[in-house]
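Some notes on the structure that comes next.
Just so it is clear, none of the values below were taken in a lab; they were calculated from the coordinates. These figures come from a predicted structure and were not determined experimentally. Please note: Cβ atoms are built from the backbone with ideal geometry, for glycine as well, and neighbour counts cover all protein chains shown.
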Amino acid sequence: MKEALALRVAMAAAMLSACVGAAATDLTGRWVARVPNGDGTSRETVFVLNQDGSMLTGSVINPTNEQPIVDGRVEGTNLTFATAPANNLQNRTAYRGELAGEELTITVSRRGRPDQTLTARRGPDSAGRLPPRIAPPALHPVRDNGLARTPPMGWNSWNRFRGEVSDAIVRAIADAMAANGMKDAGYAYVNIDDTWEAGRDASGRILTNRKFPDMKALADYVHSKGLKLGIYSSPGPFTCAGYEGSYGHEEDDARTYAAWGIDYLKYDWCSAARLYADSDMQAVYQKMGDALLATARPIVYSLCQYGRNDVQKWGADVGGNLWRTTGDISDTWESMSRIGFGQGPLAPFATPGHWNDPDMLEIGNGGMSEVEYRTHMSLWALLAAPLLAGNDLRAVQPEILKILTNREVIAIDQDALGRQGRRVKKDGDVEIWVKPLSGGAHAVGLFNRGETTANVTVSCDELQLCGGYTIRDVWAGTDVGKFGASDSTSVPRHGVVLLRVARSGSASGHM
């Protein structure tokens, strides 16, 4: 009897201790983790936790999004939960954490990435909260700035350098472009992407972080090389990487860019999605279009909102010179070909000064073969797409530089007629694209998206180019001869034969 009583007492004490422990480790609150970016700024993640016994709900807030917690559980001082984008429930992020004193250590597991460990502390109630929503302005047409009569050409830091970009790197890239033939081939813009911002001073003026000690001096240096400087921001309170955006400071930032000598702005939607619906995009982008125009400085305006809300129909109305038509490109055949070959329906919206933008070039970053990179360059040229190199130009391989600086391919992209090419034939893995050029000429791309070499036959009837046309193989740099009624050529796996077809009676022969 005494043993049974002692056992019951011990069990009750254990239950009481567990209850007390659970109460003592209540996780309800806002937990803030800050990770230094290495440039004097930090990226903040806020865990809004609501504990009810062993159940855990709430949300995880990053600068650009807020996702609800699912499958949240608490066991003593340990917790587990997950989040997933609303449009991609398969792409879950798993979290497991442990409370030790005043610190909550959380391990973040994402598919395809190494685990990340964050240390969070209870933060102020305002942590992670957005500023008040500013109502979008009434719509009106923004006057054309007269820029980018042909697709912009230059370089952008993101694909290769991401958060590593710095003043020193930008200067070295400008040096390389001026010396290696890129500038002479038409590449003009040296564009700094995300991670240059540090916050604002008391007057609201945007500040640079320690990677960019003097943006005006950097612009002067780039200009001294005969090149132009571009910069990056977001219409939301944060950029995609969690740095200071232009929300509520559009006119301030436009004036600052003009004072620095900036020539190009890439404006990335990102955290604006936490305050605005897609239907607000046009008005939100219009604000910066007006602000840039008011500076009286010629600044190319690049909209980056991933092709949402039919941007091609209103991009020019907000002062945009180019607008992204797709999600981010990556340095793979699958990504590049899916994006590039999907641009055909947008052709009617490309005109001088206003261009569809299928994202930056990956040529030279190492994920594709030379054949695939030539396809990449050829397709972007036929699409009249902006040509923004994204590789490290300080140590570019000669064969990659040869692709990027091929004058005849660039001439197709930069043709003054300003027409985007279209697909005229698809036969299995073979596609034929045609772009009208000034002077009655045409660029013709014979593409093989298949896994083996293909023999491609093309007739002048299919292209409506019969009667006195001659052919030049652009990549080979040779005149092939007259365009016959039906000609064939071999196209390698994932490759292209790019032709310029023009009226002439001087050449002979066939493909």
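What the table shows:
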read-out	value
With eigenvalues of the C-alpha gyration tensor scaled by 5 and rooted, segment 422-503, Å	20, 13, 12
Cα-based helix-to-principal-axis angle, 250-260 vs the chain, degrees rounded to 10	60 degrees
For the chain, the fraction of alpha-carbon pairs in successive 10 Å shells from zero, as %	4, 17, 24, 22, 16, 9, 4, 3, 1, 1, 0, 0
Signed unit charges on C-beta, dipole axis of segment 54-150, positive-most listed residue P114, A127, S54	P114
Built amide H within the under 5 Å cut-off of T150, gap 5+	G353
Charge dipole magnitude, Cβ of K and R +1, D and E -1 - the chain, Cα centre, debye nearest 20	200 debye
Amide H contacts under 5 Å for G481, placed H, 5+ residues apart	I471
Neighbour net charge for D268 - beta-carbon separation under 15 angstrom, K R +1, D E -1	-4
Backbone HN-Hα couplings from phi across segment 319-329 [Karplus 6.51/-1.76/1.60, Hz, Gly and Pro as x]	x, x, 8, 7, 9, 5, 10, 7, x, 5, 7
Table column - 3J(HN,Hα) (Hz), segment 283-290, Karplus curve with 6.51, -1.76, 1.60, x for Gly and Pro	5, 5, 5, 4, 4, 6, x, 5
Computed over segment 44-155: relative contact order in percent, which uses C-alpha pairs under 8 Å that are six or more apart	14 percent
Proximal aspartates and glutamates to K211, defined as alpha-carbon separation beneath 14 angstrom and excluding residues fewer than eight positions away on the same chain	D39, E164, D167, D193, D194, E197
Segment 185-245 - Rg over Rh from alpha carbon coordinates, Kirkwood radius	1.02
Partner lysines for K402 [C-alpha distance under 23 Å; skip if fewer than 8 residues away on the same chain]	K183, K225, K228, K435
Top positive-direction residue, dipole computed over the chain with Cβ charges, set L417, N145, G226	L417
In Hz, Karplus ³J(HN,Hα) per residue of segment 456-471 (6.51, -1.76, 1.60; θ = phi - 60°; x = Gly, Pro)	9, 10, 9, 10, 5, 5, 4, 9, 6, 10, 8, x, x, 9, 10, 10
Helix axis angle, 2-24 relative to the chain longest principal axis, alpha carbon, degrees	50 degrees
Per-selection metrics, segment 16-122 (Cα): Rg and Dmax in Å	14.1, 49
Radius 10 Å from Cβ of D175, net charge of other residues (Lys, Arg +1; Asp, Glu -1)	+3
Net +/- balance of residues flanking H223 in space, Cβ distance below 15 Å, scoring K and R +1, D and E -1	+1
